[in-house]
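Reviewing the structure listed below.
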Amino acid sequence: MTAAGRAGFVARGVVYALIGVLALQIAFGQGGQQADRQGALHQVAAQPFGHLMLWALVVGFGCMALWRAAGVVTGQGRRRKAGARLVDAGRAVFYASVCWGTAAYAAGSGGSSGGNAQSQDWTASALKLPGGRFLVGLAGCVLIGVGVVLAVRAAQRRFLRKLKTGTMSRRTREVVTGLGVGGGLARGVVFAGVGVFALVAAIRFDPHQAKGMDSTLRSFAHTPVGPWLLVAVAVGLILFGGFSFASARYRRL
């Protein structure tokens, strides 16, 4: 399980770092790829031995799902609480879906877990259900809440509790702390942004208002501060990729 967890954090780091790079290219008018998981997988596939690298990511995300699922059953300390187990179960399901989407992409079906069109399709389907407007609005509120929690925890540096800081040098701890704070804040902003668009889609009863990660990031470039908000978030996502790599090394697993 320890090896599985470390492999999962490496896979997560690769994808977030690539998404950050793609978003940075978009901010400076040089990006033609989607700044989401699908765009990141496309970048991996374009590299030498890209197909093997894709399947390595499949294994990594599968390991992350397995590790999270194991935390539900065998977790210790705070993870024995029902709430913590429920969160781990949700994370396990999420990473299992990411693993499946990455495998579909690697197998050549073109499937992936990202995409603005897919978000709109899901929203349109949900709005057709009885109480669908409420469900979409609730999902938006949940995503906003998750984003706020991620940002607040990053600002409070609560992630340090999960790391073996005693084995780090002072300089390493400073770097890892910077990666965790900057990366966590950016990740929280993205989650909250996606949630805001889902909430707007529910209020207006218009699935076209929903946006995936790529369109949410692109919307940051159209704020009053221009592309600089997108630049800041893009850099933050790259930092979160680096923090994921650090977690693979120093996380208590």
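The values are calculated or read from the model by the stated rules, or taken from the named source; none is laboratory data. Predicted, not measured: the structure shown is a model, and the values here were computed from it. Backbone-built Cβ (ideal geometry, glycine too); neighbour counts: all protein chains shown.
Here's a check for you: in the stretch 203-238, which residue that is in a loop (DSSP other than H, G, I, E, B) and in contact (Cβ under 8 Å) with a residue 60 or more places away in the chain is surrounded by the most Cβ atoms within 10 Å (Cβ to Cβ)?
Looking only at the stretch 203-238, we keep the residues that are in a loop (DSSP other than H, G, I, E, B), and these are 205-206, 210-212, 221-222, 224-225, 227.
From the residues that got through so far, the ones that are in contact (Cβ under 8 Å) with a residue 60 or more places away in the chain too are 205, 210-212, 221, 227.
Details: F205: 11, A210: 28, K211: 22, G212: 23, A221: 20, P227: 18.
The selected residue is A210.
Tell me whether the stretch 182-198 contains one or more residues that are in a helix (DSSP H, G or I) and among the aromatic types (F, W, Y).
As a first pass, look at the stretch 182-198 and keep what is in a helix (DSSP H, G or I): 182-198.
This time we only want the ones that are among the aromatic types (F, W, Y), so: 191, 197.
There is at least one residue in the stretch 182-198 that is in a helix (DSSP H, G or I) and among the aromatic types (F, W, Y).
Which residue pairs have Cβ atoms closer than 9 Å, lie 6 or more positions apart in sequence or on different chains, and pair a first residue in the stretch 1-23 that is under 15 Å from M53 (Cβ atoms) and modelled with pLDDT of 95 or more with a second residue that is of a type in the set (D, E, K, R) and surrounded by 23 or more Cβ atoms within 10 Å (Cβ to Cβ)?
none
Scan the stretch 34-48 residue by residue and report those that are of a type outside the set (K, R) and either under 24 Å from G5 (Cα atoms) or in a helix (DSSP H, G or I) (or both). Let's see the steps before the verdict.
We begin by selecting, within the stretch 34-48, every residue of a type outside the set (K, R); these are 34-36, 38-48.
Matches in the stretch 34-48: D36, Q38, G39, A40, L41, H42, Q43, V44, A45.
Pick from the stretch 193-223 the residues that are within 21 Å of the chain's Cα centre (by Cα) and among the aromatic types (F, W, Y): which of them is farthest from K128 (Cα to Cα)?
Looking at the filtered set, the residue picked out is F220.
Output the number of residues of the stretch 73-94 satisfying the condition of being at pLDDT below 80 and part of a helix (DSSP H, G or I).
Keep residues of the stretch 73-94 that are at pLDDT below 80, which gives 73-85.
Checking which are part of a helix (DSSP H, G or I) leaves us with 73-74, 77-80, 82-85.
Residues flagged as at pLDDT below 80 and part of a helix (DSSP H, G or I) within the stretch 73-94 amount to 10.
Checking the structure you have, find out if any residue of the stretch 50-65 is touching a residue at least 60 places away in the same chain (Cβ under 8 Å), closer than 26 Å to Q118 by Cα and crowded, with 22+ Cβ neighbours inside 10 Å.
Yes, some residue in the stretch 50-65 is touching a residue at least 60 places away in the same chain (Cβ under 8 Å), closer than 26 Å to Q118 by Cα and crowded, with 22+ Cβ neighbours inside 10 Å.
Taking the stretch 95-107 on its own, how many of its residues are of a type outside the set (S, T, Y), assigned to a helix (DSSP H, G or I) and free of Cβ contacts under 8 Å to residues at least 24 places away in the same chain? Full working, then the answer.
To start, the set of residues in the stretch 95-107 that are of a type outside the set (S, T, Y) comprises 96, 98-101, 103-104, 106-107.
Now narrow it down to the ones that are assigned to a helix (DSSP H, G or I): 96, 98-101, 103-104, 106.
When the remaining residues are screened for being free of Cβ contacts under 8 Å to residues at least 24 places away in the same chain, the result is 100, 104.
Looking only at that region, the number is 2.
Out of all the residues in the stretch 154-172, is one or more within 16 Å of the chain's Cα centre (by Cα) and of a type in the set (K, R)?
No - not one qualifying residue is present in the stretch 154-172.
For the stretch 154-177, which positions are closer than 14 Å to R251 by Cα, in contact (Cβ under 8 Å) with a residue 24 or more places away in the chain and either among the small types (G, A, S) or surrounded by 15 or more Cβ atoms within 10 Å (Cβ to Cβ) (or both)?
Listed by number, the residues that qualify are F159, L163, M168, V176.
Which residue, of Q30, Q25, is over 17 Å from A96 (Cα atoms) and not in a helix (DSSP H, G or I)?
Numbers: Q25 fails: not in a helix (DSSP H, G or I).
Of the residues listed, the single one that is over 17 Å from A96 (Cα atoms) and not in a helix (DSSP H, G or I) is Q30.
For the stretch 28-42, indicate whether the set of residues that are over 18 Å from the mean Cα position of the chain (by Cα) and crowded, with 19+ Cβ neighbours inside 10 Å is non-empty.
The first filter runs over the stretch 28-42 and keeps only residues over 18 Å from the mean Cα position of the chain (by Cα), leaving 28-32.
Right, trim to crowded, with 19+ Cβ neighbours inside 10 Å and you get 31.
Checked the stretch 28-42: at least one residue is over 18 Å from the mean Cα position of the chain (by Cα) and crowded, with 19+ Cβ neighbours inside 10 Å.
Of all the residues that make up the stretch 1-21, how many are buried (at least 24 other Cβ atoms within 10 Å of the Cβ) and among the aliphatic types (A, V, I, L, M)?
Going through the stretch 1-21 one residue at a time, the tally reaches 3.
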